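The values are calculated or read from the model by the stated rules, or taken from the named source; none is laboratory data. Please read all numbers here as calculations on a predicted model, not as lab measurements. Don't worry about glycine lacking a Cβ; one is built from the backbone with ideal geometry, like all the others, and counts go over all protein chains shown. Ligands, DNA and RNA are stripped out before the accessible areas are found, and what is left, the full protein with its side chains, is counted by its heavy atoms. Shrake-Rupley method; radii C 1.70, N 1.55, O 1.52, S 1.80 Å.
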Amino acid sequence: MAFSFVGILAVVLEFFRGWFWLLIPLIVLDLVLLGLFFKRTSGRRRKFSLPFKASIGFGVFTFVMALITLPGITRSSWEMLAGAVDYLSLIGASVGFGVLFAILAFPVMLHMLGIGPKHKPESQATRQSPAPETETGAEAEPSTASQQPQG
Amino acid sequence: MNHKDKQIQSAVQRALGDKGLSRRDFLRLSGGGALLAGAATSGLLYPGTARAVSTNARIVIVGAGAAGLSCATRLNRELEGAQITLIDRREDHYYQPGLTLVATGVWNTAKTLDSNRRYVPSGVNWIHDMVAEYDPDNNRVITDDGRTVEYDYLMVTTGLQVNYDQVEGMSEELIGQRGVGCVYDKPELAERTWRAVDEFVDNGGVGLFTRPRGDIKCAGAPLKVTMLTESRMKERGTRDKAEMHYLPPGASLFSQPDADDFLSKNFPERGIQIHWDHPLTAIDPDAKTATFDTPLGDETLDYDFIHVVPPMSAPDSLRESELAAQEAPFKGWLEVDRHTLQHNRYANVFGAGDINGVPIGKTAASVKSQVPVAVENMIQAIQGRENSASYDGYTSCPLITELGKAILVEFDYDLKMKPSFPVISPYEEHWVPWVMKDRLLLAAYRAMLRGRI
Ligand SMILES: Cc1cc2nc3c(=O)[nH]c(=O)nc-3n(C[C@H](O)[C@H](O)[C@H](O)COP(=O)(O)OP(=O)(O)OC[C@H]3O[C@@H](n4cnc5c(N)ncnc54)[C@H](O)[C@@H]3O)c2cc1C
């Protein structure tokens, strides 16, 4: 019995229906956090590289945890896995969890690590000595003194 | 627009500019995203034809189980103007494929309980009553309450009945007491069965696992209960305390030959003795003995735990009606053509699910395959056309061999394996089919009730 793509999508929807109470607030929270981030950082530099790396790290951690615990969580055990299908499915599911958690964590990471310094007015920028360049070009926090009006 | 809004707008425009997108592009893309999201959550997810056939036909569906609800959803969607009536007194909906897991303590009962109301589409008239009499010559059914319901087309989806009284000494009340279990066919009975299984797993003794003559729903269920009980004992370290016997009514364990071969070797390997040709005829719950009708005469065995699977048949009202097949091999079941699922004598009558007199396929997996065929052919009949859809006998059984692994057996009328996912071998035990059974099939079942697969 072949399952169409739409059929598989319908089953996936039905599967997550029981988790909507958790997933929908989480997604809404993430969207709100994203919106807030853009609002908070208007007029500031936004740092994406570090939050992105941190989210990837979180995703990788989730992937490893899923790899170790999924057989047990499904009331099975590692000994029950047999053949490529089982191992590839386990890896696939773990990657899925890793990606999901990385995406969910990204807005939080943006707030924790992604808010850079205020943009400097043109006139100040020309008078200041340039900040040392970092990997992303925007991640070095200028000293408090350099943010003060130079008057 | 206040100052902050202006700041946000310019920030968004800056961000879009960085990516080489105009505001117009952004709106177009987000509109597309919204459309996709809408499609994913709305009726666009319905597969098949998007047509709506206009008709004023009166359609009666008898039985609001897996097949009945699924038919109601599809017919309601595909017909415009039809008067669709669903008849069933039962309010609760049971996810029966989960009962083997309840009876072996893997799931709690709540997971298998649902409500029919959630799946009956608006626009379908639901009569909370049971059909007591079929009168196909006059195109009508009569309910328990004496109500007459007339139809132009009839869909029979009553499932089957479990005949406890055909095993002498057996009754529904016994289940869960004095070492008697029976996984069929309500969550409450499966839960009580777990009590008896649990005690046997702890204390050991002699365990008898039976199967009756004739067609039963999910022929894999008695095997799964046996294997899961054994697996539970290994888990608790009590396997040595128990002697386990499986007693089929004939000379095979399963209709599909490859699965039968596997089980015939696997059972003895795990210390489950097979006693061929042993249909159960009676139990004595006080003496804890069971009697079997063997080719050498009656044989009585002692037990500490017995899993009784009573004989099954079409519900009495159907079995005694003109709609039932009058001759073997499907005597008493709804007499339909095995491919078109149309009644052989009454062209306006169709059937889906366990009630059909077809060679194999008393499973929810078969319901998934049968319903689109029966619905499609009924719609063709309404339009005065020839039947166009055909059922190939597809059925499936995730044969749980141990807690944590299973074999996904899928086959058709020719008893040939028909794997939905060719990468999953139907000849070997795997973790993936176990996860499917434990986590995914309930979602697939619900999608089926909603007519989406
Ligand atoms: C223990 C167990 C394990 C199973 N495991 C699996 C599995 O692993 N995989 C699988 O695919 N399938 C499995 N099944 C089988 C599957 O559940 C059934 O094949 C499926 O439910 C059949 O659907 P149906 O609509 O024909 O009957 P049902 O779902 O039983 O519904 C029949 C409905 O008809 C109603 N009805 C009966 N008589 C009348 C009347 N006279 N008037 C009005 N209404 C009436 C009943 O009240 C009921 O609501 C299992 C079943 C059991 C019991």
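Among the residues that make up the stretch B:307-319, is at least one of them part of a helix (DSSP H, G or I), within 20 Å of residue B:223 (Cα to Cα) and in the same structural domain as residue B:231 (by TED's automatic domain parsing)? Within the stretch B:307-319, none of the residues are part of a helix (DSSP H, G or I), within 20 Å of residue B:223 (Cα to Cα) and in the same structural domain as residue B:231 (by TED's automatic domain parsing).
Taken over the stretch B:147-167, residues that are in a loop (DSSP other than H, G, I, E, B) and either within 14 Å of the ligand (Cβ to nearest atom) or within 14 Å of chain A (Cβ to nearest Cβ) (or both) amount to 7.
Yes or no: residue B:316 in contact with an Asp or Glu (Cβ under 9 Å, 6 or more places away or on another chain), near the ligand (Cβ under 10 Å from one of its atoms) and of a type in the set (Asp, Glu)? Here the answer is no, as residue B:316 does not meet what is asked. Here B:135, B:114, B:144, B:129 are screened, and the one residue that is open to solvent by less than 30 Å² (accessible area, probe 1.4 Å), within 11 Å of the ligand (Cβ to nearest atom) and outside the structural domain of residue B:280 (by TED's automatic domain parsing) is B:129. Scan the stretch B:337-352 and give yes if some residue there is under 25 Å from residue B:135 (Cβ atoms), under 16 Å from the mean Cα position of the chain (by Cα) and either within 14 Å of chain A (Cβ to nearest Cβ) or within 15 Å of the ligand (Cβ to nearest atom) (or both), otherwise no. Within the stretch B:337-352, one or more residues are under 25 Å from residue B:135 (Cβ atoms), under 16 Å from the mean Cα position of the chain (by Cα) and either within 14 Å of chain A (Cβ to nearest Cβ) or within 15 Å of the ligand (Cβ to nearest atom) (or both). Beta carbons closer than 7 Å, at least 6 apart along the sequence or on distinct chains, never pair a first residue in the stretch B:55-67 that is free of Cβ contacts under 8 Å to residues at least 12 places away in the same chain and of a type in the set (Phe, Trp, Tyr) with a second that is part of a loop (DSSP other than H, G, I, E, B) and within 6 Å of the ligand (Cβ to nearest atom). The criterion of at least 3 residues that are exposed (fewer than 13 other Cβ atoms within 10 Å of the Cβ) and at pLDDT 95 or above is met by the following helices (runs of 4 or more DSSP H) wholly inside the stretch A:1-92: A:20-40, A:49-73. Considering the stretch B:113-160, and only residues there that are in contact with a helix residue (DSSP H, G or I) (Cβ under 8 Å, 6 or more places away or on another chain) and among the hydroxyl-bearing types (Ser, Thr, Tyr), the residue that is farthest from residue B:344 (Cα to Cα) turns out to be B:119.
Of the residues making up the stretch A:41-78, those that are at the interface with chain B (Cβ under 8 Å from one of its Cβ atoms) and closer than 22 Å to residue B:429 by Cβ number 5. Could you go through the stretch B:378-397 and let me know if any residue there is within 21 Å of residue B:263 (Cα to Cα), more than 11 Å from chain A (Cβ to nearest Cβ) and not charged (D, E, K, R). Yes. Condition first: acidic (Asp, Glu) and open to solvent by 30 Å² or more (accessible area, probe 1.4 Å). Can you find one or more residues in the stretch B:175-190 that meet it? Checked against the condition, which is being acidic (Asp, Glu) and open to solvent by 30 Å² or more (accessible area, probe 1.4 Å), the stretch B:175-190 yields at least one hit.
Of the residues B:200, B:254, B:262, the single one that is of a type in the set (Phe, Trp, Tyr), within 15 Å of the ligand (Cβ to nearest atom) and either modelled with pLDDT of 95 or more or open to solvent by less than 20 Å² (accessible area, probe 1.4 Å) (or both) is B:254.
In this entry, residue B:280 is excluded by the filter for residues that are under 24 Å from the mean Cα position of the chain (by Cα), buried (at least 20 other Cβ atoms within 10 Å of the Cβ) and either modelled with pLDDT of 95 or more or within 26 Å of residue B:413 (Cα to Cα) (or both). Please verify whether the stretch B:359-371 includes one or more residues that are in contact (Cβ under 8 Å) with a residue 12 or more places away in the chain, more than 14 Å from chain A (Cβ to nearest Cβ), under 24 Å from residue B:57 (Cβ atoms) and hydrophobic (A, V, I, L, M, F, W, C). There is no residue in the stretch B:359-371 that is in contact (Cβ under 8 Å) with a residue 12 or more places away in the chain, more than 14 Å from chain A (Cβ to nearest Cβ), under 24 Å from residue B:57 (Cβ atoms) and hydrophobic (A, V, I, L, M, F, W, C).
Residue-by-condition table, conditions (1) over 24 Å from residue B:291 (Cβ atoms); (2) outside the structural domain of residue B:374 (by TED's automatic domain parsing); (3) outside any loop (DSSP other than H, G, I, E, B); (4) more than 16 Å from the ligand (Cβ to nearest atom):
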| residue | (1), (2), (3), (4) |
| --- | --- |
| B:188 | yes, yes, yes, no |
| B:193 | no, yes, yes, no |
| B:196 | no, yes, yes, no |
| B:213 | no, yes, no, yes |
| B:216 | no, yes, no, no |
| B:233 | yes, yes, yes, yes |
| B:244 | no, yes, yes, yes |
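Taking each residue of the stretch B:95-106 that is under 11 Å from residue B:183 (Cβ atoms) and of a type in the set (Gly, Ala, Ser) and looking for partners that are within 9 Å of the ligand (Cβ to nearest atom) and assigned to a loop (DSSP other than H, G, I, E, B) with beta-carbon atoms closer than 6 Å, six or more apart or interchain, yields B:103/B:183.
Scanning the stretch B:410-453 for residues that are at the interface with chain A (Cβ under 9 Å from one of its Cβ atoms) and under 17 Å from residue A:81 (Cα atoms) turns up B:423, B:424, B:425, B:428, B:429, B:430, B:431, B:432, B:434, B:435, B:438, B:439.
A count restricted to the stretch B:426-445 and to residues that are charged (D, E, K, R), touching a residue at least 12 places away in the same chain (Cβ under 8 Å) and within 15 Å of the ligand (Cβ to nearest atom) stands at 2. Being surrounded by fewer than 21 Cβ atoms within 10 Å (Cβ to Cβ), within 32 Å of the chain's Cα centre (by Cα), at pLDDT 95 or above and assigned by TED's automatic domain parsing to the domain that holds residue B:133 is a description that applies to residue B:81. Among the residues of the stretch A:14-36, the ones that are closer than 30 Å to residue B:370 by Cβ and either at the interface with chain B (Cβ under 7 Å from one of its Cβ atoms) or in contact (Cβ under 8 Å) with a residue 24 or more places away in the chain (or both) come to 2 in all.
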